[in-house]
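Single-structure report; data block below.
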Amino acid sequence: MLSAFLASAVETVEALTIVLAIGLTRGWRSALAGAGVATLALAAVVAALGPALTVIPIEVLRLVVGGLLLVFGLQWLRKAILRASGWKAIRDEDAVFARERAEAATAPDEERAGVDWYGFTISFKAVLLEGLEVAFIVLTFGSTQGSIPLAAVGAAAAVILVVLAGILVREPLSRVPENTLAFAVGVMLTTFGIFWGAEGAGVDWPGGDAALPGVLAFVLLVSFAFVAMLRRQRVAVA
Amino acid sequence: MFWWDFIVGDDWRVAVGILLAFGLTALLAATSVPAWWVLPLAVAAVLWLSLVRAAR
């Protein structure tokens, strides 16, 4: 649930920046319609794939889920480590917001089905693309832990929290420590990916489930060590 | 292209490395040799190589 919550928080901040830019520039009707339809599409993906996953044998499920979590987790972790060590620029929500507003202001007006088409499609794509990974995390964590609804509640809680904050401040949430959250998500996805993936491949962990904190400590240690090593390398190059 | 970016991401070598590590783990797990250490070490190695390439 915590992984789904944190991943959802990061992706919602990113999607909110674009929806806010569209809403303030092109009007709220198209921005909210696009975001609403995309949210329904994501809920449909979870509702359709969730029951299908429960009929897959647990060993196969762990192998597939472990592999997916590892691939996703390493993408998050790689990006977060590069940002934390100075090799990649920290995502700047204010800059993204300004760029999206400038593009929205110059885009041509075209009305379809009673909404501004540009505003609708940009808002729809932002929410769908940012949310798809969260939907996969909800499905993978939920199916292996036996409760997709619980993982979905975690993700939905983050969406509500971030959107409420966005409504209150009416500007991009640039003070949210996105990279720290992304680092935490990467560590968790990688840890569970290693644990379940190895079990799916036929491994018996020493100590059974008690090995999970050990895997978590290993992933944390390795990640912090890599940040420190790359930081030193960055300083030496500069 | 979308699914490639979504699943594989910026560095395809990471996905290939993970697949190979899963294969080695499954092979070792079928013998009497303990296999639990393969995946953590492989993940650390694959991540470090990918980071070094990105930081060049």
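No lab work stands behind these numbers, since they all come straight from the coordinates. All of these numbers come straight from a predicted model, not from anything done at the bench. Virtual Cβ from ideal backbone geometry, glycine too; neighbours counted across all protein chains shown.
Descriptive notes on the structure:
- Relative contact order computed over region B:2-54 (Cα-Cα under 8 Å; 6+ residues apart), in percent: 38 percent
- Amide H within-cut-off set for A:Asp116, under 5 Å, with H built and near neighbours excluded: A:Ser30
- Sites A:Met229 and B:Trp37, calculated FRET efficiency, Cβ-Cβ separation with R0 25 Å, nearest 0.05: 0.70
- Shown here for region A:106-209: trypsin sites (Lys or Arg not before Pro) in loop regions (DSSP other than H, G, I, E, B) with at most 15 other Cβ atoms within 10 Å, namely A:Arg170, A:Arg175.
- Comparing A:Val138, A:Val96, A:Val159 in a Gaussian network model of chain A where C-alpha atoms under 10 Å apart are linked, the largest mean-square fluctuation is found at A:Val96.
- Taken along the Cα-to-beta-carbon direction at a fixed 7 Å, the label points for A:Ala98 and A:Val37 span 3.2 nm.
- Extents of the protein assembly as shown, largest first, come to 67, 54, 33 Å (Cα atoms, principal axes, whole angstrom).
- Hull volume in cubic angstrom per residue (convex hull over the Cα atoms of region A:81-154): 144 Å³
- What the Cα convex hull of region A:1-106 gives, in volume per residue, is 129 Å³.
- Alpha-carbon Debye profile of chain B, log10 I(q)/I(0) at 0.12, 0.20, 0.29 Å⁻¹: -0.34, -0.76, -1.08
- Here region A:2-237 is treated with +1 on each Lys and Arg Cβ and -1 on each Asp and Glu Cβ, and its dipole about the Cα centre works out to around 620 debye.
- Residues B:Met1, A:Met188, ranked from the fewest to the most other C-beta atoms within 10 Å, line up as B:Met1, A:Met188.
- Long hydrophobic helices in chain A, taken as whole DSSP H segments with a C-alpha length of 24 Å or more on their own axis and mean Kyte-Doolittle hydropathy at least 0.0: A:2-26, A:28-53, A:58-84, A:117-145, A:148-169, A:178-200, A:212-237.
- Counting only other chain Cβ atoms within 10 Å of each residue's Cβ, the peptide B:40-52 averages 6.
- The alpha-carbon atoms of region A:78-122 define a convex hull whose volume equals 92 cubic angstrom per residue.
- Centre-to-centre separation between the Cα atoms of region A:13-34 and those of region A:40-66: 31 Å.
- Ellipticity estimate at 222 nm from DSSP helix runs (n ≥ 4, -39,500 (n - 2.57)) divided over the protein assembly as shown, nearest 500: -27000 deg cm²/dmol
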